[in-house]
1. Rolling a 1.4 angstrom probe over the protein chains, ignoring ligands and nucleic acids, what is the accessible area of Arg5 in square angstrom, nearest 10?
2. Which angle between 0 and 90 degrees, to the nearest 10, do you get for helix 69-88 versus the longest principal axis of the chain when only C-alpha atoms count?
3. Distance cut-off 20 Å, Cα to Cα: go down the list Lys222/Lys268; Lys181/Lys307; Lys77/Lys133 and report the pairs above it.
4. For Ile25, what accessible surface area do you get with a 1.4 Å probe? Give it in Å², rounded to 10.
5. Based on alpha-carbon centroids, what's the gap between the range 115-147 and the range 204-233 in Å, whole number please?
6. Calculated FRET efficiency, His240 and Ser310, Cβ-Cβ r, R0 22 Å, to nearest 0.05?
7. Of the accessible area of the chain, with the probe set at 1.4 angstrom, what percent is carbon plus sulfur?
8. Divide by every residue of the chain the summed helix terms, -39500 (n - 2.57) for each DSSP H run of at least 4, and state the resulting mean residue ellipticity at 222 nm, rounded to the nearest 500 deg cm²/dmol.
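The values are calculated or read from the model by the stated rules, or taken from the named source; none is laboratory data. Keep in mind that what you see is a predicted model, and the values were worked out from it rather than measured. Counting neighbours? That spans all protein chains shown, and the Cβs are built from the backbone with ideal geometry, glycine included. What goes into the accessible areas is simple: the full protein's heavy atoms, side chains included, and nothing from ligands, DNA or RNA. Shrake-Rupley method; radii C 1.70, N 1.55, O 1.52, S 1.80 Å.
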Amino acid sequence: MNNLRDIATVFLADEVDFAELYQAIDDFRVCLLDLTQLGLDDDSLRNDVHLSEGLAIGTEWAVRCVDDILRTKRFVKGLAEAIDYQLNQGLKPIELLYAGSGPFATLALPLLFRYSPEELQLTLVEINEVSFKTVRRVFEGDDFRPYLRALYQADATTLQLNDPERYDILLSETMQYALQKEPQVAITLNLLPQLREDALLIPAEISLHLAAIEYGSTGTVKSRALAELLVISRKALSGHPPLLQDGATQFPMIEHQLVDEDIANAHKLGISTTIKIFGTQSLGLNESGLTIPKAVFNTDSLPVGRKMISAQYHLGAVPGMILTVT
Ligand SMILES: C[S@@+](CC[C@H](N)C(=O)[O-])C[C@H]1O[C@@H](n2cnc3c(N)ncnc32)[C@H](O)[C@@H]1O
């Protein structure tokens, strides 16, 4: 655990020192691969699982998520802030439901040195066979076993919890930028309504905006938000019906009148993503692979003058926001 303790100290720092953070991420990856003896040359690690509500990425790609450095740092720090918040409410142990743990329970593992098993218990859900078996190995060791409440190989979009009242925090990072392809929204819609009202959701808020995107000659990307398209948070979903298994769950169609000034200087019209993780932690534009803007239309292909952009988020095997222009 000692090495992990040093790594966690870097993740939990208030300021980002990039040299130190790159080193900590390298050490973290090496430590996780050592711990699990996962050899990345095995083809089975690249097998994605195609679910009715989106893609569960293969183990190798889940390993690579570690390298999204600000994502990893800020989720770990945000999770620590959420655990501290619930401890301060007098709850103990904090029961964390981690949906899509990947092969290492990556976002929770660095925190295990910080809390005792009397303060923190984990329930892990993972659908991918290789990732499930790998994370099971992690928690067979003496250091981590006392923290494991339960481990399920299950689809978090359909899982019905036996003891939903138990959980104090729901954590899931099963998303790509623009909430496309992976089942973050379906997982949240299935699990969150099963939990107590005071259970915290992490990330606390994911927002998608219609965006005018400008690419600079030096590789810079600017994105200007034009209209809110979707918010996934406890508050925004409070009136939303839980996930229906017959594909009938719908999000509203958002319409935005676009004028030429909205996209003056922009090269693309698309979707931007911002994430409030918890407390002081968030991910803004381009800070992570999860928050790069998604280009949908070339602006020079759009009709001149006023045009209506319609946007609707779709669940299903390939979830995502569909934009149309009329
Ligand atoms: C993007 S990876 C993130 C892994 C790790 N939590 C992290 O943050 O580094 C998402 C993980 O969630 C798992 N997953 C995706 N959809 C799932 C579902 N419906 N039920 C259970 N696990 C799922 C994938 O197999 C993958 O291991």
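1. About 110 Å², ignoring ligands and nucleic acids.
2. It works out to around 60 degrees.
3. Lys181/Lys307; Lys77/Lys133
4. About 0 Å², ignoring ligands and nucleic acids.
5. Computed from Cα coordinates, the inter-centre distance equals 36 Å.
6. 0.65
7. After summing per-atom areas, the C and S share lands at 49 percent.
8. After summing the helix terms and dividing by residue count, I get -7000 deg cm²/dmol.
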